[in-house]
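Participant: My questions all concern the structure below.
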Amino acid sequence: MFAHPPRPPLLQRLAPLVRELLTWCGVAAFALLQFAALLSGSDDANPQVLPLAGAAVAMTLPLAWVRRGPLLVLAVVLAELTAATALGMPAEQLWPLLLAADVLVCVIAATRSGVTAALVTLAVLEGVWQAALWPHALASGFLALTALLAGSVLLAWLAGTAIRQRREYGEAVRVHAVTAERLRIARDVHDMVAHSIGSIAIQAGAGRRVIDTRPEQARDALDAIEITSRETLKGLRQVLGVLRRPDPPPTGLADLDRVTSTAIAAGVQVDVRWQGERRPLPAAVDQSAFRIVQEAVTNVVRHADAARCRVSIGYAGEELSVEIVDDGRADSASEGGGYGIAGMRERVALLNGHFTAGSRPEGGFRVAARLPIS
């Protein structure tokens, strides 16, 4: 049996109906405005109300399809303006249509590309000139009327453009956030799996070599494999749980003993040195520092063939320094062939820190990072 998908919230189900209702309310408001304009501009002492109301409804009814095809509706409105001018209607009776044209310019600028919005704005300015301005070219208030109508069209274009740019910026921020979260999860999974599988492989190899001659050590290796496997499964559940809940479980330098104990069990002596006054760190800095140490120590265990490793963590002012130094082979990092160094460099870059990794002249390999705390 397939599970039924959850029903969307009530407000989300009612949203299309509400939008349609608001659209028709707007059409009704424009029809009332057009009827009032036609009624006020009529020269008859007893104007025919029903014909004027019918004309108002017919002139504003295309606005009901503004959400489906604003470009076509705008073309209809401009055609109505041209036809009304040709029939000799004064500008005082056309201002609701001019207002509708401004609203359509705003809608098109908010929902279409910048080039389309600019072309539409020029077309509306031309249509307004032909319909409302040209018949009054010789009137005394022509310049003021021109500035008013042209300014209203340009303001509508600017408002729609601002809405579109704000929406595009929000979408870009959302895409960036999703991409950053995917990269963070990929780094976490890589650090966790690479560290644990490397340790398990070393313990399994050591147990295989001594299973016949020293069964006690083989038993210890199997115990270490079991513990590491359980911790890895727990960590993977926590990382994958980020996809189901907004707040990921905290991981930081307080969990550093897990890394050192696993490395010691694999035969590498890890010396952790704390420098400066320890204090609470921002979650991003704390987690990144832990992952850098975990990945660097994993590389030492898997590739460096080292006997000792020194981890130094220093608190200095507004900066946290992390350094991992081993006495193994200097080309250990290049033999990894994975994403460990790149992942550490990405973590540090996201925090605007400084990262270095390379061979030491006296032998071994060094990984160092400086992370701003503030």
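Participant: With every protein chain left in place, what is the accessible area per residue of region 262-307 in square angstrom, probe 1.4 Å?
Facilitator: Counting only protein heavy atoms, the per-residue value for region 262-307 is 44 Å².
Participant: May I ask you to order 304-314, 61-71 by the average number of other C-beta atoms within 10 Å around their residues, highest value first? Don't skip to the answer; put the middle values down first.
Facilitator: On the way: 304-314: 18.3, 61-71: 16.4.
Most protected by this proxy first, the peptides run 304-314, 61-71.
Participant: Dividing the convex hull volume of the Cα atoms of region 254-372 by its residue count, what figure in Å³ per residue is obtained? Could you put the intermediate results ahead of the total?
Facilitator: Working: hull volume 11.1 nm³, N = 119.
Each residue corresponds to 93 Å³ of Cα convex hull volume.
Participant: Okay, moving on. Output the peptides 173-186, 217-230 sorted from most to least packed, where packing is the average of other Cβ atoms within 10 Å over each peptide's residues.
Facilitator: On the way: 173-186: 11.9, 217-230: 16.3.
Order by mean packing, descending: 217-230, 173-186.
Participant: Which order do peptides 346-356, 288-298 fall in by mean Cβ count within 10 Å, highest first? All intermediate terms of the calculation are to be shown ahead of the outcome.
Facilitator: Numbers: 346-356: 16.4, 288-298: 26.1.
Per-residue mean Cβ counts within 10 Å order the peptides as 288-298, 346-356.
Participant: Treating the Cα atoms of region 257-297 as identical point scatterers in vacuum, please give the log10 of the normalised Debye intensity I(q)/I(0) at q = 0.16, 0.19, 0.22 Å⁻¹, two decimals.
Facilitator: Evaluating at q = 0.16, 0.19, 0.22 Å⁻¹ gives log10 I(q)/I(0) of -0.49, -0.66, -0.83.
The values are calculated or read from the model by the stated rules, or taken from the named source; none is laboratory data. Predicted model only: the values in this text are computed from it and were never measured. No Cβ is skipped: glycine too gets one built from the backbone with ideal geometry, and neighbour counts run over all protein chains shown. In case anyone asks, the SASA skips ligands and DNA or RNA and just uses the protein heavy atoms, side chains included. Shrake-Rupley method; radii C 1.70, N 1.55, O 1.52, S 1.80 Å.
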